[in-house]
1. For the stretch 60-83, which residues satisfy the criterion of being in contact (Cβ under 8 Å) with a residue 60 or more places away in the chain, surrounded by 15 or more Cβ atoms within 10 Å (Cβ to Cβ) and either of a type in the set (A, V, I, L, M, F, W, C) or more than 25 Å from Thr36 (Cβ to Cβ) (or both)?
2. Is it the case that the stretch 84-107 has a residue that's modelled with pLDDT of 95 or more, open to solvent by less than 90 Å² (accessible area, probe 1.4 Å) and within 19 Å of Arg12 (Cβ to Cβ)?
3. What is the residue count in the stretch 69-93 for residues that are assigned to a helix (DSSP H, G or I) and within 22 Å of Arg56 (Cβ to Cβ)?
4. For residues that are touching a residue at least 24 places away in the same chain (Cβ under 8 Å) and not charged (D, E, K, R), scanning just the stretch 97-114, find the one that is nearest to Gly83 (Cα to Cα).
5. If you go through the stretch 60-75 one residue at a time, do you hit one that is within 22 Å of Ala106 (Cβ to Cβ) and not charged (D, E, K, R)?
6. Got a number for residues in the stretch 96-116 being touching a strand residue (DSSP E or B) at 6+ places or on another chain (Cβ under 6 Å) and within 19 Å of Ala19 (Cβ to Cβ)?
7. Search the stretch 29-48 for residues that are farther than 19 Å from Glu4 by Cβ and pair each with any residue that is open to solvent by 70 Å² or more (accessible area, probe 1.4 Å) when their beta-carbon atoms are under 6 Å apart and the residues are at least 6 apart or on different chains.
8. Tell me, which residue of the stretch 17-59 that is assigned to a loop (DSSP other than H, G, I, E, B), surrounded by 12 or more Cβ atoms within 10 Å (Cβ to Cβ) and in contact with a Lys or Arg (Cβ under 9 Å, 6 or more places away or on another chain) is modelled with the lowest pLDDT?
Amino acid sequence: MYVERVDIDGFRNCCESVAFDARLTLLLGENNAGKTNIIDALRLVLPADAGTDRLRPRAADFARKGDGTRLSDEFTVTAVLAGLNAKEQGLAANALAPQTEGPGKARIGIHASLQN
């Protein structure tokens, strides 16, 4: 199993979609380009290992303009998991998405909204 793609809308300064290669993916870029934002987006949706903290949405996670004004009170992060074997498909039965993503693939995600 591997993360094939992450779709991001309204989370920090992230772009809309990032595709990953099954063999190896590197995130390269200059400082403050958003590499950590992509990793944090994945941490929001992927299960945490025992003994590690799982991130929770914070007010700072919502997209902002350069002047600090918030662009949206909502964000969505969805990861597409591919290459799931039969056991993994059974564990992720509620997330399988054969019609939209293809056989042996699942979609898991989070939708967060700010409330007063």
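1. Phe75, Val77, Ala79, Val80, Leu81, Ala82
2. no
3. Here the count works out to 0.
4. Ala106
5. First, the residues of the stretch 60-75 that are within 22 Å of Ala106 (Cβ to Cβ): 75.
Then drop every residue that is not not charged (D, E, K, R), which leaves 75.
Yes; the residues of the stretch 60-75 include at least one that is within 22 Å of Ala106 (Cβ to Cβ) and not charged (D, E, K, R).
6. Qualifying residue count, the stretch 96-116: 7.
7. Close Cβ pairs (under 6 Å, with a partner that is open to solvent by 70 Å² or more (accessible area, probe 1.4 Å)) amount to Gly34/Asn13; Ala48/Arg54.
8. Leu55
The values are calculated or read from the model by the stated rules, or taken from the named source; none is laboratory data. Note that this is a predicted model, so its numbers are computed, not measured. Heads up, the Cβs are rebuilt from the backbone with ideal geometry, glycines too, and the neighbour counts pull from every protein chain shown. SASA here: full protein model, heavy atoms, side chains in, ligands and nucleic acids out. Shrake-Rupley method; radii C 1.70, N 1.55, O 1.52, S 1.80 Å.
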